[in-house]
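These notes concern the structure reproduced below.
Nothing in this text is a laboratory measurement; each read-out follows from the coordinates by a stated rule. Computed from a predicted model, the values in this text were never measured in an experiment. Cβ placement follows ideal geometry from the backbone for every residue including glycine, while neighbour counts extend to all protein chains displayed.
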Amino acid sequence: MIQKLYSAQRVLMRFPSSAPEHQETLAQLQQEIPSAILAHFLRLVEQGSKGAAPVVRDVCSSCHMRIPSGAVGALRHPEDLVLCESCGAYLFVPEEELRAAPVSKPKVARRKKPVATAAAAGLLSSPPTVVALPDVAASSAQPSMRLAAH
């Protein structure tokens, strides 16, 4: 669908709106493209901007800005519509780019080795004990208790 807009864009930008080629192309687009998508596209074309742009090497060919990797991934699915965040053009990946794209193998998550602790290594024979010691520095009549670990 976006590639149809791209090919029609050449005609719409080349001929004035009164030309028969322009009118024929516009009538054909109105029959094939949903009205909301066509309205956004035509607004950009009337402003002199590209309404549809191919993405080559993860770069929008309209504004030459880099496309985020998530948007590039969405472009691999033809049923998704992706707009350039910078210029607003509808993006698509040309057929030759789709064929040239390398197929990457999914990465396999590796398990991390467990970190050895003193308790797991058997260095501690028993859990630490807590002993209450009297506080000798206290000046009150009642002795206070201080905890110390062994």
> So how much slack lies between PHE15 and ARG110, counting 0.36 nm per residue of separation and subtracting their Cα-Cα distance, in nm?
Replying inline: 28.4 nm
> So how much slack lies between SER49 and CYS63, counting 0.36 nm per residue of separation and subtracting their Cα-Cα distance, in nm?
Replying inline: 4.1 nm
> Mind listing the phi-derived Karplus ³J(HN,Hα) values for the stretch 63-72, rounded to whole Hz, using 6.51, -1.76 and 1.60 with θ = phi - 60°, and x for any glycine or proline?
Replying inline: 10, 6, 9, 6, 8, x, 4, x, 5, 5
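Can you give the extra length, in nm with one decimal, that the chain gains between GLN23 and LEU83 once fully stretched, where that is 0.36 nm per residue apart less the Cα-Cα distance?
Details: separation 60, 0.36 × 60 = 21.60 nm, distance 2.57 nm.
Full-extension gain reported as 19.0 nm.
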> What residues qualify as long-range amide H neighbours of SER86, i.e. H under 5 Å apart, gap of 5 or more or another chain, H built at 1.01 Å from N?
Replying inline: none
>> For a quick check: with amide H placed at 1.01 Å from N, whose amide H comes under 5 Å from ALA52's, ignoring anything fewer than 5 positions away on the same chain?
In response: TYR90
>> With θ taken as phi - 60° and the coefficients 6.51, -1.76 and 1.60, list the Karplus ³J(HN,Hα) couplings across the stretch 4-13 in order, rounded to whole Hz; mark glycine and proline as x.
In response: 5, 4, 5, 5, 6, 4, 4, 5, 5, 7
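Which of the trypsin sites (Lys or Arg not before Pro) found in the stretch 1-70 are in a DSSP loop and have at most 14 neighbouring Cβ atoms, other than their own, within 10 Å?
Numbers: sites: LYS4, ARG10, ARG14, ARG43, LYS50, ARG57, ARG66; in loops: LYS50, ARG57.
When the trypsin sites (Lys or Arg not before Pro) of the stretch 1-70 are filtered for loop state and at most 14 Cβ neighbours within 10 Å, ARG57 remain.
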> How big is the stretch 2-100 in terms of Cα radius of gyration and Dmax, in angstroms?
Replying inline: 13.5, 41
